[in-house]
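Colleague: Let me give you the structure first, and then I'll get to my questions.
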Amino acid sequence: MDGNVYAFGEANGALAWKHKTDGPIAASPKVQNGVVYLGTLGKTFYALDAASGEPKWTFAAQGRIFSTAP
């Protein structure tokens, strides 16, 4: 749990991108419609572009996030 989220190429398994978050990630990210959703123990919820890893938006939660997005 190093505070990074990683994406790997489906065809070759090579690292496609890495995004540094504000804290460890305790739950599996969810991918839907080209967006990766994940929360951190640093109290931030992220929506990242699945192709590039670039943030679409973030949300400052009031507590640590321990579960996967619904």
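Colleague: On the given criteria, is Ala26 surrounded by 15 or more Cβ atoms within 10 Å (Cβ to Cβ), of a type in the set (Gly, Ala, Ser) and in a loop (DSSP other than H, G, I, E, B)?
Modeller: Spelling it out, Ala26 is indeed surrounded by 15 or more Cβ atoms within 10 Å (Cβ to Cβ), of a type in the set (Gly, Ala, Ser) and in a loop (DSSP other than H, G, I, E, B).
Colleague: Does Thr21 satisfy the criteria of being of a type in the set (Ser, Thr, Tyr) and touching a Gly at 6+ places or on another chain (Cβ under 6 Å)?
Modeller: Criteria met by Thr21.
Colleague: Among the residues of the stretch 47-63, is any touching an Asp or Glu at 6+ places or on another chain (Cβ under 9 Å) and surrounded by 15 or more Cβ atoms within 10 Å (Cβ to Cβ)?
Modeller: Taking every residue of the stretch 47-63 in turn, at least one turns out to be touching an Asp or Glu at 6+ places or on another chain (Cβ under 9 Å) and surrounded by 15 or more Cβ atoms within 10 Å (Cβ to Cβ).
Colleague: For the stretch 37-70, enumerate the residues that are closer than 17 Å to Met1 by Cβ and either assigned to a strand (DSSP E or B) or of a type in the set (Phe, Trp, Tyr) (or both).
Modeller: Within the stretch 37-70, Leu38, Gly39, Thr44, Phe45, Tyr46, Phe66 meet the criteria.
Colleague: While we're on this one: If you scan the stretch 19-36, which residues turn out to be within 13 Å of Met1 (Cα to Cα) and of a type in the set (A, V, I, L, M, F, W, C)?
Modeller: Ile25, Ala26, Ala27
Colleague: Of all residues in the stretch 6-23 being hydrophobic (A, V, I, L, M, F, W, C) and modelled with pLDDT of 95 or more, which is surrounded by the most Cβ atoms within 10 Å (Cβ to Cβ)?
Modeller: The qualifying residue surrounded by the most Cβ atoms within 10 Å (Cβ to Cβ) is Ala7.
Colleague: Restricting to the stretch 36-70, what's the tally of residues that are under 24 Å from Ala11 (Cβ atoms) and polar (S, T, N, Q)?
Modeller: 1
The values are calculated or read from the model by the stated rules, or taken from the named source; none is laboratory data. Source: prediction; values computed, not measured. Don't worry about glycine lacking a Cβ; one is built from the backbone with ideal geometry, like all the others, and counts go over all protein chains shown.
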